[in-house]
Amino acid sequence: NIDNLAELPDVNIAALCDVDERRAGGVRQRFPKARFAVDYRRLLDAGDIDAVLVATPDHHHAPATLLALQAGKHVYCEKPLTHTVDEARLVAATAARLKRATQMGTQIHSRSNYRRVVEIIRGGVIGTVGEVHVWVDRQWGGQETPRRKDPVPEGLHWDLWIGPAPLRDYVDKVYTPSEWRGWWDFGGGTLGDMGCHYMDLPFWALGIRHPRRVAAEGPPVHPDSCPPWLIVSYEYPAAQGRPAISLTWYHGGKRPRRLTDPAEFGLDKRDFHDMDRGDGVMFVGSKGVLLANYDRYALLPGADFKDFKPPRPWIPPSPGHHREWVDACKGGPAALCHFGYAGLLTEAVLLGNVAYRVGKPIEWDHENLKAVNAPDADRFIRHEYRKEWKL
């Protein structure tokens, strides 16, 4: 992955892996001394690898990460940490048991703006928060299962690309290079793609962890394709002196009413500073509202916060998301999005897809990884692998 490699300018790239030899050509030229393989299962035996970065489609995250951890390697894995809920629990537990340095690729966690928002929320500037809304405009999915098959391009090892998922025919520009996000066998749709980025902020600021109830609304469930739009309601119990919290996720054009009808809630659209566009997070507190995206935040109503002065920063700046991990690999402090944190975030995010696919709200028993009112949800919570890929 070019973006990830660009963030690692001062480490030795010992080996590269890609199932598509055509797409890997340019990177291999940049690192001519690095060993190359098309199957990551054949790459971890040599003693010249200390750490592994996993930037595959979601359905390979857990197999690649677990193999690396079990081989004694430190691991950075892109978001979501895993494809399914049970994998997230297994990956986090394995990393903790083996005491490996880990980081999930929620790069925005390391930016200054998220840190300032956390300080404001924890500082009580908008009072007690009991409600959060998270929205993302993009969409993956909504396609019909293709009825044709195309020749596999030369250099693409299709069976390895499919990996642990059920084998299916190659169809040009339907699954690769990035369209896999819209298919259940390989990704988790928009929620799987972006949930860990945007739900990370309330997860961090409010200390929420295990939802007790998750309900989802969307178009009729398709057996293969992820939904083009979705609204998911997560209910978190009261804990650590804070009240119960409701968090609602929206994607595919759905948005909270405080954005679409602000006057109804005593808000002035002019105070939004265009932050009602695109993607964002809204914290609703007893004393006001905070809007945030990756780079900015705004406090509403504007008149109530015209004299606002930010609290003194107490969360130190990050040296960089990848640098946090590299430093941890070298014996420094744990990266902030280590798998102990990232695994719980991923579990919560993916439960939204579980509730949607099972077709009813689920009551969640996090200790036993069970939807206590919906035993049929197990097929979406736990993962099935092709025989030769079983963990």
Restricting to aspartates and glutamates and to Cα separations under 15 Å from LYS370, and discarding same-chain partners fewer than 8 apart, the set is ASP86, GLU87, GLU347, ASP378
So what does ARG35 come to for accessible area, using a 1.4 Å probe and Å² rounded to 10?
-> 90 Å²
Along the charge dipole of the chain, which of HIS157, VAL52, LEU336 sits closest to the positive end, that is, farthest toward it, with unit charges on the beta carbon of Lys, Arg, Asp and Glu (+1, +1, -1, -1)?
-> LEU336
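With +1 on each Lys and Arg Cβ and -1 on each Asp and Glu Cβ, how big is the dipole of the chain about its Cα centre, in debye rounded to the nearest 20?
Dipole of the chain, to the nearest 20 debye: 620 debye.
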Going toward the positive end of the dipole of region 97-235, with +1 on Lys and Arg Cβ and -1 on Asp and Glu Cβ, which of LEU201, LEU191, PRO220 do you reach last?
-> LEU201
For a quick protection proxy, order the peptides 151-157, 344-350 by their average other-Cβ count within 10 Å, most packed first.
-> 344-350, 151-157
To the nearest 20 debye, region 325-391 has a Cα-centred charge dipole, built from +1 on Lys and Arg Cβ and -1 on Asp and Glu Cβ, of 280 debye
So for region 48-186, using the alpha carbon gyration tensor with a ≥ b ≥ c as root eigenvalues (a/c under 1.5 gives rounded; past that, a/b versus b/c decides prolate or oblate), I'd call it oblate
Share of alpha-carbon pairs per 10 Å distance bin for region 305-391, given as whole % | 13, 26, 23, 24, 12, 2, 0
Run the quick spin-label model on SER112 and ARG257: label points 7 Å from Cα toward the beta carbon, then report their separation in nm to one decimal.
-> 3.8 nm
Considering the dipole of region 1-92 built from charges on the beta carbon (Lys and Arg +1, Asp and Glu -1) around the Cα centre, which of LEU8, CYS77, LEU90 is farthest to its positive end?
-> LEU8
Listed here are the pairs LYS79/LYS99; LYS149/LYS360; LYS33/LYS73; LYS99/LYS330; LYS269/LYS306; which of them are more than 23 Å apart at the Cα?
-> LYS149/LYS360
Which peptide among 9-16, 65-72 comes first, and what is the full order, when sorted by highest mean count of other Cβ atoms within 10 Å?
-> 65-72, 9-16
Among the DSSP beta bridges whose two residues both lie in the chain, what percent are antiparallel, rounded to the nearest 5?
-> 65 percent
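The values are calculated or read from the model by the stated rules, or taken from the named source; none is laboratory data. Every value quoted in this text rests on a predicted model; they were computed, and no experiment measured them. Using ideal geometry, Cβ is built from the backbone for each residue, glycine included, and neighbour counts are taken over all protein chains shown. Side chains are part of the model used for accessible areas, which takes the heavy atoms of the whole protein and leaves out ligands, DNA and RNA. Shrake-Rupley method; radii C 1.70, N 1.55, O 1.52, S 1.80 Å.
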